[in-house]
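To start, the structure under review is shown below, and the notes come after it.
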Amino acid sequence: MEISGFQYLAMPGALLVLLTSMLLLAVQDWRVCLALLAIQYVGVFVLVAIHWPMIIALTKLVAGWIATALLVTAISGTPGLAHGVDQTPLKSTQFRSMPGLSISAWIFRILTAAMIVLVVFTMAPLTAEWIPTIQFEEVVGALILLCLGLLHLGLTAIPLRVVIALLTTLSGFEIIYAAVEVSTLVAGLLAVVTLGLALIGAYFQIASVGEVET
Amino acid sequence: MTSPLIWIVMPAIYAGILLVLRRWDRIVVVLGILVSLILAWFAWVAPIGDTIVIGPWRVSLDDTLTILGRRFVLSATDAPLLTLIYLGLAFWFGGSIVANASNLFVPIGLGIATLLTAAIAVEPFLYSALIIELVTIISIPLISPPNQPVGRGTLRYLTFQTLAMPLVLFTGWILTGVEAGPPDSVFVVHGNILLALGFAFMLAIFPFHTWVTMLAEETHPYVGAFIFYTFSLVITFFGISFLERYAWLRTSSGLYDLFRLVGILMVVVAGLWVAFQRHLGRMLGYAVLMETGLSLLVVSAGLAGEHLASSLSILFASILPRGLAFAVWALALSILLRAGNGSVTPAISLRLEGVQGKGRKMPLTIAALVMAMFSLAGFPLMAGFPIRLALWDTVAKVSTLAAIVALLGGVGVLTSGLRTLGILITGADDVPWMVSETRGEQVLILLGGMGLLLVGIFPQWFLPALAHLANIYLNIQP
């Protein structure tokens, strides 16, 4: 499989996804969260572009940014007052933020994420050996997204956060899959899945409001 | 003209049109039934791969459509499957008239059928995992209607199905390596683990089964049953495609042992839990899980590929009785939901304490509900009985324990049926018996009940044709 000039940007790309996915776990403000998601897709694009032609790899970036824009539009477009699960009115601020993280929960998340990152760095050389076409930095980036996405999924029941976590996990998979399969149809379908998940996130946001954070 | 254009692209466009017209829900249902029936009929008569002559015109009906370099193939051998899919769809749409399901049911249902047909047609077949994920995404508005809180079951369903897709897709790459490498390659272990995990997520196999019961409790019963049924059907086809494509997988005895173990576990857990549930929707959810377990048991009797074809025949023959029982069960629950105890949410309305004594006002509904439960339990004269008999016989030849477990699972559903019957007809003595279902409900419920009896008494009229569907998978034939 052909490797493009993006291989020299692999390390910055991996660091970018590491930083954004860790912050996504800890940050509560939805604006920052979605900004981080948008930045994360830049890292994903860089790592995918190592193996995929630039034009096809761009679908990741474009789909990711459109997905983020969809979520931003849905949240910012929701009315100031909404009804909670028990039909009680919720204040605008409560509706728009993702509340519930205490200091101890915040520390717990960061520590857990740090431990997972350590495990990823331990596992990465073995995985890179197992998939011959892949670079170490790609494996690190992909596994970080996969593992932190899964951690995020395990820690939340808020619909919007679930969708962000799923998008993160999916991005991790896409980096690995890009190294083993180049197909325009797959790229197209994965972009549709990304947009579909974002649409569902927007739908969840409009249809109802979140639940309790673990 | 190509067959994927007729059975994938055109219904997809039509689903979009119905979505726009959804305000006129009755018209949309009728149009949906009409289109499904036309597609089913055309699949039955159309000479796929040949030329159609209509008066002075001659139209060649090719079986392949190429999109972005990949092929979607619906050949003449897929015609019975297409007939089954669209006939089944018309059947489910028919029930939705009185089930009072969301006005999105028909457009999204048609969209789901279209995507599932695409999942069957796409080559390489591994890309079906992506299409199944798209089915999950478009089914969300149906499961979690607007203006209602998003349930945890919905989130879990979305999460598990989304996690399944990468696992299955990546397995495809690993399996290619397995074929090229030595049989004891490390790829075999990795491939098997990822594949098992992927299908466990997709089919809600223990311990990833929780979303089924949660969803069955939260969502409209008719919508829930439709999703469970169609999903299990297509994922079964997808799983069989794996067995057909990879001979080493098909002939691996460890795989069948795994199927048996997981099947036993699922039937035991579901059979036990269904008997003690206090919510009619959750009972349906556990019945779905038990059916998945039974499907695994029957495939496990394939004995490393030697008798796989006969096992698959039983699996395919069970499509009709299973679908009929789920539809009647869900229809009865929908009628109970409509006549609920003041609450419109299924989570509250379908609790046993909420429906106590309802049998005196809705005897036809309750009779159909109990018949559907008995059918899934494999009670004699019901639609499920001939299939259960074949299943017990086939499974017992390989493992007596598995056959006993399959029997006990049925006892669990039977117990829950008797318990439901008892609670639903128990009420104050002065409450008179009366039929309070609407005319439409009476007609459909009676048709459903009669269908369950008819298939049970005359299985030879219906089941052999379905059993022959296994012939589609030519590589599996002995």
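The relative contact order of region A:5-213 comes to 30 percent, based on Cα pairs under 8 Å that sit 6 or more residues apart. Taking every alpha-carbon pair under 8 Å whose residues sit at least 6 apart, chain B reaches a relative contact order of 14 percent.
Using Cβ point charges alone (K and R +1, D and E -1), the dipole size of region B:132-265 about the Cα centre works out to roughly 100 debye. Remark: region A:124-135, residue by residue, has Karplus-estimated 3J(HN,Hα) of 4, x, 5, 5, 5, 5, 6, 9, x, 7, 9, 8 Hz, where x stands for each Gly or Pro and the curve is 6.51 cos²θ - 1.76 cosθ + 1.60 at θ = phi - 60°.
If we sort B:351-359, A:135-143, B:77-85 on the protection proxy, mean other Cβ atoms within 10 Å, highest first, what's the order? Present the calculation step by step, with values, prior to reporting the outcome.
Working: B:351-359: 17.6, A:135-143: 24.3, B:77-85: 19.8.
Highest mean packing first, the order is A:135-143, B:77-85, B:351-359.
Under the simplified labelling scheme, the A:S104-A:V182 pair shows an inter-label distance of 5.3 nm, with each label point 7 Å from Cα along Cα→Cβ.
Per-residue ellipticity at 222 nm, computed for the protein assembly as shown from helices alone with -39500 (n - 2.57) per DSSP H run of at least four residues, works out to -24000 deg cm²/dmol. Computed from phi, the 3J(HN,Hα) profile of region A:16-32 under the Karplus parametrisation 6.51, -1.76, 1.60 (θ = phi - 60°) reads 4, 5, 4, 5, 5, 5, 5, 5, 4, 5, 9, 6, 9, 5, 5, 5, 5 Hz, with x in place of Gly and Pro.
Would you list A:Y177, A:Y203 from the most to the least accessible area, probe 1.4 Å? Before the final figure, lay out each step's value.
Values: A:Y177 5, A:Y203 45 Å².
So the residues, ranked largest to smallest area, are A:Y203, A:Y177.
The charge dipole of region A:5-213, taken about the Cα centre with unit charges on the Cβ atoms of Lys, Arg (+1) and Asp, Glu (-1), comes to about 440 debye, rounded to the nearest 20. Ordering B:G409, B:A467, B:V431 by Cα displacement along the dipole of region B:383-475 toward the positive end leaves B:A467 in first place; charges were set at the Cβ atoms of Lys, Arg (+1) and Asp, Glu (-1).
I'd like the trypsin sites (Lys or Arg not before Pro) in region B:170-279 restricted to DSSP loop residues with at most 15 other Cβ atoms within 10 Å, sorted by number. Working shown, then result.
Working: sites: B:R245, B:R250, B:R260, B:R278; in loops: B:R278.
Sites meeting the loop and neighbour criteria: B:R278.
Look at the stretch B:158-166: the mean tally of other chain Cβ atoms within 10 Å of its residues' Cβ atoms is 6. A viscosity of 0.890 mPa s and a temperature of 25 °C, combined with the Kirkwood radius over C-alpha pairs in the Stokes-Einstein formula, give chain B a diffusion coefficient of 108 µm²/s.
Around the amide H of B:R71, modelled in the peptide plane, lie the amide H atoms of B:E123, all under 5 Å away and 5 or more residues distant in sequence or on another chain.
What net charge do the residues around B:V106 carry, taking every other residue with its C-beta under 14 Å from that of B:V106, with Lys and Arg at +1 and Asp and Glu at -1? If you can, show how the numbers build up before the last one.
On the way: positive: B:R22, B:R23, B:R26; negative: B:D25.
Charge balance in the 14 Å sphere: +2.
Rolling a 1.4 Å probe across all protein chains gives A:F6 an accessible area of roughly 40 Å².
Between amide H atoms placed 1.01 Å from N, distances below 5 Å from B:H279 occur with B:L352, all of them 5 or more places distant or on a separate chain.
Quick check for me: using +1 on Lys/Arg Cβ and -1 on Asp/Glu Cβ, what's the dipole size of the protein assembly as shown about its Cα centre, in debye to the nearest 20? Working shown, then result.
Numbers: 29 positive and 31 negative charges, 291 e Å.
Charge dipole, the protein assembly as shown, about its Cα centre: 1400 debye, nearest 20.
Sorting B:K361, A:K60, B:K397 by solvent-accessible area of protein heavy atoms yields B:K397, B:K361, A:K60, largest first, with a 1.4 Å probe. For region B:196-302, averaging the sequence separation of C-alpha pairs within contact (under 8 Å, six or more residues apart) and dividing by the residue count gives a relative contact order of 36 percent. Pairwise Cα distances in region B:382-459 exceed 21 Å in 53 percent of cases. Using θ = phi - 60° in the Karplus curve 6.51 cos²θ - 1.76 cosθ + 1.60, the 3J(HN,Hα) couplings for region B:47-57 round to x, 5, x, 10, 10, 9, 10, 10, x, x, 8 Hz; x is entered for Gly and Pro. For chain B, with all protein chains in place and a probe radius of 1.4 Å, 69% of the accessible heavy-atom surface sits on carbon or sulfur.
In the complete set of protein chains, residue-level accessible area for B:Y86 is approximately 0 Å², probe 1.4 angstrom.
When each of the peptides B:280-289, B:452-461, B:408-417, B:44-53 is scored by how many other beta carbons lie within 10 Å of its residues on average, the order from highest to lowest is B:280-289, B:408-417, B:452-461, B:44-53. Over all other residues within a Cβ to Cβ distance under 12 Å of B:G263, the charged ones net out to -1, with Lys and Arg as +1 and Asp and Glu as -1.
The values are calculated or read from the model by the stated rules, or taken from the named source; none is laboratory data. Quick caveat: nothing in here was measured; it's all calculated off a predicted structure. Positions of Cβ are backbone-derived with ideal geometry, glycine not excepted, and every protein chain shown enters the neighbour counts. In case anyone asks, the SASA skips ligands and DNA or RNA and just uses the protein heavy atoms, side chains included. Shrake-Rupley method; radii C 1.70, N 1.55, O 1.52, S 1.80 Å.
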